[in-house]
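Novice: Structure incoming, see below.
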Amino acid sequence: MENTIKVERAILNITQNDLAEKIGVSRQTINSIEANRYVPSTVLALKLSEVFGKPVNSFFKLSDSDYE
Amino acid sequence: MNTEKLIDCERSHLLKITKFRLPHQFIVVGVVVAAISIIMMFVRASVMDGDTEWLKLLLQKTLLIGMLLMSVSKDKIEDEMTVSLRAQSYTVAFIVGVVYALVMPYVEFGVSNVVHSGGEVYKDLGDFQVLLFMLMIQLMFYHTLKRYR
């Protein structure tokens, strides 16, 4: 799974901390999601979608390894 | 109550049990209880005379309780990632604990016989040793995973 959360965050001009507070997780969790080390749950993905005002699949994309 | 409602009721009870965590403040209580137990263990071993076997057993229990409190306390910011990391650490601790309980008696037996011929006789591990090891692995693994997340 790949994502463009860092880009979306830059568009909104918010820090990892701000985003973490908005969706009720720790800053480290946002960092791990951005670095593709952690795949969030559907609930968290939908919360991100609400913050960014975009559908989930516009900032989360399946990568080749997800089909293996 | 029909069967489906009973199943739902069972499921919600199970979920409550699996999601059970103590508030974050309990980690401090756990650290204090574990630290006092360890200090008292040293005091008992080096200073106290007479029959203090009961104290040794009591301190073993309080050390386990302290570590259990540390283990089941929530983080300052508890989110789905910390829940996932905690679950991973419990899995690892369980597997490593079982392997430890199976292998360690043979290691102790082998080493004691190599070091001095006719060393100790074979004996299984005690519950305290296994539980302490599992709790240590869980806590260490959880905090290591959290550091590298």
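Novice: Which value at 222 nm does chain A reach when only helices count, each DSSP H run of 4 or more adding -39,500 (n - 2.57), with the total divided by all residues and rounded to the nearest 500 deg cm²/dmol?
Specialist: Numbers: 4 runs with 35 residues, N = 68.
One gets -14500 deg cm²/dmol as the mean residue ellipticity at 222 nm.
Novice: Among B:Asp124, B:Asp75, B:Asp51, which one shows the highest mean-square fluctuation when chain B is modelled as a Gaussian network with alpha-carbon springs under 10 Å?
Specialist: In the Gaussian network model the winner is B:Asp51.
Novice: What is the distance in Å between the Cα centroid of segment B:23-52 and that of segment A:34-68?
Specialist: Between the Cα centre of segment B:23-52 and that of segment A:34-68, the gap is 46 Å.
Novice: By a straight-distance test (C-alpha under 20 Å), which lysines pair with A:Lys54 as possible cross-link partners, with residues fewer than eight away in the same chain excluded?
Specialist: A:Lys6, A:Lys22
Novice: Suppose a student asked you for the relative contact order of segment A:2-67, using Cα pairs under 8 Å spaced at least 6 residues apart; what percent would you report?
Specialist: Rounded, it is 40 percent for segment A:2-67.
Novice: At a probe radius of 1.4 Å, what is the per-residue accessible area of B:Met48, in Å² to the nearest 10?
Specialist: So the heavy atoms of B:Met48 present about 70 Å² to solvent.
Novice: Leaving out ligands and nucleic acids, and using a 1.4 Å probe, what accessible area per residue does chain A come to in Å²? Each step should come with its number before you reach the end.
Specialist: Details: 4150 Å² over 68 residues.
That works out to 61 Å² per residue.
Novice: Any idea how many Lys pairs in chain B come in under 27 angstrom at the alpha carbon, given 8 or more places apart or on separate chains?
Specialist: Lysine pairs, 8 or more places apart or on different chains, close enough: 16.
Novice: Which whole-number percent is the relative contact order of chain B (Cα, under 8 Å, 6+ apart)? Don't skip to the answer; put the middle values down first.
Specialist: Numbers: 120 pairs, mean separation 38.9, N = 149.
Value for chain B: 26 percent.
Novice: Evaluate Rg over Rh across the protein assembly as shown, taking Cα atoms for both radii and Kirkwood's formula for Rh. Intermediate results must be reported in sequence, preceding the final value.
Specialist: On the way: Rg = 23.8 Å, Rh = 21.4 Å.
Value, to two decimals: 1.11.
Novice: How about segment B:116-149: which of its residues lose at least 50 Å² of accessible area in the presence of all protein chains relative to their chain isolated, using a 1.4 Å probe?
Specialist: Checking the loss per residue gives B:Arg149.
Novice: Leaving out ligands, DNA and RNA, and with a 1.4 Å probe, what % of the accessible surface on chain B is carbon or sulfur?
Specialist: Working: 7270 of 10170 Å².
That fraction is 71 percent.
Novice: Based only on Cα atoms, what Rg/Rh ratio does chain A have, Rh being taken as Kirkwood's radius? Numbers along the way, then the final one.
Specialist: Numbers: Rg = 11.3 Å, Rh = 12.0 Å.
Checking Rg against Rh, the ratio lands at 0.94.
Novice: Here is a further query. Calculate, axis by axis, the spread of Cα positions in segment B:76-149 along the three principal axes, and write the results as whole Å, longest axis first.
Specialist: Largest first, segment B:76-149 extends 54, 21, 17 Å along its Cα principal axes.
Novice: Calculate I(q)/I(0) for segment B:16-65 by the Debye formula, one identical point scatterer on each C-alpha and no solvent, and give its log10 at q = 0.13, 0.14, 0.19, 0.22 Å⁻¹ to two decimals.
Specialist: After summing over all Cα pairs, the log10 values are -0.41, -0.46, -0.67, -0.78.
Novice: Report the residue, chosen from B:Thr91, B:Thr62, B:Thr18, that carries the largest GNM mean-square fluctuation when chain B is represented by alpha-carbon nodes joined by springs under 10 Å.
Specialist: B:Thr18
Novice: Quick one: accessible surface of A:Glu21, probe radius 1.4 Å, all protein chains present, in square angstrom to the nearest 10.
Specialist: Surface accessible to solvent at A:Glu21 totals approximately 140 Å².
Novice: With each run of n ≥ 4 DSSP H residues scored as -39500 (n - 2.57), what mean residue ellipticity at 222 nm is computed for chain B after dividing by its residue count and rounding to the nearest 500 deg cm²/dmol? List each step's numbers first, then the result.
Specialist: Values: 5 runs with 114 residues, N = 149.
Using -39500 (n - 2.57) per qualifying helix, the result is -27000 deg cm²/dmol.
Novice: B plus A alone minus the pair: what accessible area, both sides summed, probe 1.4 Å, in Å² to 100? Provide the component values of the computation, followed by the final result.
Specialist: Numbers: alone 10590 and 4500 Å², together 14320 Å².
Interface between B and A: roughly 800 Å².
Novice: Hey, any idea what % of segment A:1-50's accessible area is carbon plus sulfur with a 1.4 Å probe?
Specialist: Details: 1370 of 2810 Å².
Carbon and sulfur atoms account for 49 percent of the accessible area of segment A:1-50.
Novice: Using the alpha carbon gyration tensor of chain B, what are the three equivalent-ellipsoid semi-axes (square root of 5 times each eigenvalue), largest first, in whole Å? Don't skip to the end; give the middle numbers.
Specialist: Working: eigenvalues 243, 91, 60 Å².
Semi-axes from the Cα gyration tensor: 35, 21, 17 Å.
The values are calculated or read from the model by the stated rules, or taken from the named source; none is laboratory data. On a predicted model such as this, the values are computed, not experimentally measured, just so you know. Remember, those area values only see protein heavy atoms, side chains included, never the ligands or the DNA or RNA. Shrake-Rupley method; radii C 1.70, N 1.55, O 1.52, S 1.80 Å.
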